Each structure stands twice: as structure tokens, then as C-alpha cells.
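Shown next, in C-alpha cells, is the structure this report addresses.
Quick note: the coordinates plus some simple rules give every number you see, no bench work behind them. Source: prediction; values computed, not measured. Heads up, the Cβs are rebuilt from the backbone with ideal geometry, glycines too, and the neighbour counts pull from every protein chain shown.
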Amino acid sequence: MGNELTLGKNRMIPRPKVIPPTDCRFLLTDNQRAQAHIIAGIVASERLADQPRTTVDQAMSEQKNVQGGPLEPCSLDPMTGFYRTGACRVGPEDRGCHAVCSVLTADFLAFSKAAGNDLSTPHPEWGFPGLKPGQRWCLCAGRWKEAWDAGHAPQVILEATHEAALNYVTRSVLEEHAFIEADNS
């Protein structure tokens, strides 16, 4: 093995001596990264299923939203959340902190795809339906902040956004992007 890695046609970088497991995601293709993410969520969900229901229900019900109240569901169709419970619950397996319940827009989906996370393309082999504007989805708090910094952040359902999102962005910023349900009466 040489001392350099090839990136693209003529771009070489020094080969790192050690690549910690948490930093290897950049070596994966978009499809490999998406597959690894979905598999991690499935494995985490299966671990929860093996625990006594009362323990899981208690731990999950104690999670709070950014307003300090109980965490509300984000979406059951499509089923969202790292644990695919319909809520933006976080836990030790959720390294991406899927805490922000957002109403997706075409602008955000295009931004996310350009940033290497294609949420709009279906992957039935992984049980991922592909997402459309108007649907609700639990986004990684870091990705939501990245979109906010770039001017592409989707609106947020505050009652369904986990308080862990406050480690990435302030409550006032989330409140400025709060989704207000249209009154059709």
C-alpha cells in the first residue's frame, strides 16, 4: 500500500495512519451510508423489542420536546424516527441525533441530496420509501442546522422535536422556523 490515497482523477492526499470507526463514514458511497444508517436503526429497534415493554415505554415516554413537554409523534406515514417509532426519539445508538421533526420541502430535499444524503430516492431493499415535499420526517439535528446555515432549513414541528436538538441549535431559531398548521375553517 502506498502512502497516499487517490481522490478523483489526479487528486492525492496523505494516507491517514489510523482512521477511527466514527470517522469512516466519508469513505462510504451515498448508498452505502444510507444502507448503514437504515440497518443501524433496524438493529436498535430490535434491541428495544427485546427489552421488557414497561422499561422501553417508560424510557421513551420520559423524552421531552424542545418546549419541555412530552415528545409528540412526528409521522406514522411514512414511519419516521431513528427507531422507526413515528417519533423523533434519540438514544445511544442514534449517533446522528435524529431529533428535529420537519415538514420537508423540495428546497431542503434538493439541498440534502447535494450534501450527500438523498432522502427522496426510494430504497425498497432497505425499507425506505423515499420522501416527498409536505411529508414530516425526523432529521439529524446537525443536518438541519447545516441547512439553516445555508438558508434551506425546513419548518419544524416543535412539539415533536426532541430536546436533544438544543445541543445543535437554539430554541429561538427553532421557534422562528415553527410550522403553523393552516386553519381551514
Item to check | Fewest-first ranking of T80, T161, using other Cβ atoms within 10 Å as the exposure measure | outcome: T80, T161
Item to check | Taking D94, D149 and counting other C-beta atoms within 10 Å, the order from fewest to most | outcome: D149, D94
Next on the checklist: Cut-off is 10 Å between beta-carbons; in what order do C88, C97 appear when sorted fewest neighbours first?
Outcome noted: C97, C88
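R95 to L166: FRET efficiency via 1/(1 + (r/R0)^6), r the Cβ-Cβ distance, R0 22 Å, to the nearest 0.05?
With a Förster radius of 22 Å, E is 0.80.
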Item to check | Inter-part distance where the range 86-106 and the range 129-172 are each reduced to a Cα centre, Å | outcome: 8
